[in-house]
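Okay, so here's the structure we're looking at.
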Amino acid sequence: MQPPFSIAQQGLTWARYYNDSKYSPPTRQLQHATPNNWSRPGLGQVCLNVDGAVNLGTDIGSIRGLIRDNEGNWIMGFKQILGSTSIFNAELWTIYTGLKLAWDNSFERIILQLDCLEAVTTIHESNAEYNPNSLVRAIKNFSRKCWDMEIQ
């Protein structure tokens with residue numbers, strides 16, 4: 001399953017959208033968990049931080065994420081508006097998009113940090129590869145690839 005735009009299209013397209021956009025959702029109405037503090041990955045690892053949010057007034061979801069080195073330096077990132085969605089699906093989209101970005105850029109040792117316990121629990125279920133949600137199945141498939149991935 002692909003997000004509405006490819007990772008390559010997102011850079012300029014979303015940067016231009018956010019720069020030109022007159023719409024700014026009120027932050028007090030966004031639903032998301034309290035962010036955790038960033039913890040430094042080990043030498044040779046990168047940290048993928050992801051977060052999804054949904055505006056409670058419009059149900060419009062957005063995702064964002066970034067990859068940092070073990071010194072905390074920004075390597076690359078993404079952000080995207082999803083359209084109408086649930087907070088759970090927004091969190092799944094942000095995990096999927098971040099993992100795809102990491103895989104496509106050949107990062108072999110990553111620590112994925114997110115703030116949605118429900119998503120982590122669902123991904124770790126023994127039968128996740130049979131979950132009716134295609135995003136859960138796609139994320140589970142990423143976890144089986146030949147790389148060292150830890151979820152926090």
Report task. Could you pull out every residue, at least 5 positions away or on a different chain, whose amide H is within less than 5 Å of the one on Ser86? Hs are placed 1.01 Å off N in the peptide plane, and Pro or chain starts have none. Result -> none
Report summary line: Note: probe point = Cα of Asp148 + 7 Å toward Cβ; backbone nitrogen < 14 Å; residues of the range 97-121 passing the test are 107-112
**Report entry** Under the Karplus curve 6.51 cos²θ - 1.76 cosθ + 1.60, θ = phi - 60°, whole-Hz ³J(HN,Hα) for the range 43-56, x wherever Gly or Pro sits
**Finding:** 4, x, 9, 10, 10, 9, 9, 10, 7, x, 9, 9, 6, 5
**Report entry** Two-site FRET efficiency, Asp69 against Glu129, from Cβ-Cβ distance with R₀ of 22 Å, rounded to 0.05
**Finding:** 0.10
Requested in this report: Name the residues whose placed amide hydrogens come within less than 5 Å of the amide hydrogen of Asp59, ignoring near sequence neighbours (fewer than 5 apart) on the same chain.
Outcome: none
Query raised in the report: Using the per-residue mean of other Cβ atoms lying within 10 Å as a proxy for protection, in what order, highest first, do the peptides 68-81, 85-98, 117-130 fall?
Result: 85-98, 68-81, 117-130
Query raised in the report: With each pseudo-label sitting 7 Å past Cα toward Cβ, what's the Val120-Asp59 distance in nm, one decimal?
Result: 2.9 nm
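Every number here is computed from the coordinates shown, using simple stated rules; none is lab data. None of the values given here were measured: they were computed from a predicted structure. Quick reminder, even Gly has a Cβ in these numbers, built from the backbone with ideal geometry, and neighbours come from all protein chains shown.
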